[in-house]
Each structure stands twice: as structure tokens, then as C-alpha cells.
Amino acid sequence: MAIKIDSKLETEMTPDEVSKHQTLSREEKRDRLSAMKFELERQSGRGTADLDQVEARMAAINAALARTKQE
């Protein structure tokens, strides 16, 4: 499924903002959060991210995914 990505949504929104966004469907929210998680895992695998920042960001993404699944 190809999703047209709004650059503001993709680059400036936090995981919390994605999960609370009013016009995105549940599936779009999950897709965006999963993409954020994948990118974070990719960066941490390459060693280009600080471990504390990775852990905090992953916790935020996981919390946002949990909220989205409860909708």
C-alpha cells in the first residue's frame, strides 16, 4: 500500500503527535510509527545514535503504538 506522505507529518511530528493526529486513520498512524521504529533500529544498528536517545525514542514510539492500537 502506497501512502502519500506529507513531509511535515513525516519529519516534524513526534510519536505522541502521530498517535493523537485527528485526520490520520489508525492504519496510517501504525504505518508511520512503524516506519519511525524501523528508522530508529536502522540508525542504532549502524551506531549513529546515542543509546540513551534511542531508548527514550523507542519508548515513545512503543507508547504511541499502544495508544493507537487501543483506539
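Within the stretch 1-35, being surrounded by 15 or more Cβ atoms within 10 Å (Cβ to Cβ) and at pLDDT below 75 holds for one residue alone: Leu9. Entry remark, the stretch 29-71: residues being at positive phi and in contact (Cβ under 8 Å) with a residue 40 or more places away in the chain number 0 in total. Just one of the numbered conditions (1) outside any helix (DSSP H, G or I); (2) over 18 Å from Glu71 (Cβ atoms); (3) modelled with pLDDT of 90 or more is not true of Phe38: (1).
For the stretch 41-54, which residues satisfy the criterion of being in a helix (DSSP H, G or I) and surrounded by fewer than 12 Cβ atoms within 10 Å (Cβ to Cβ)? Correct list: Arg42, Gly45, Arg46, Leu51, Asp52.
The values are calculated or read from the model by the stated rules, or taken from the named source; none is laboratory data. Note that the coordinates shown come from a computational prediction; the quantities given were computed from them, not determined experimentally. Cβ sites come from the backbone with ideal geometry, for glycine too, and all protein chains shown count toward neighbours.
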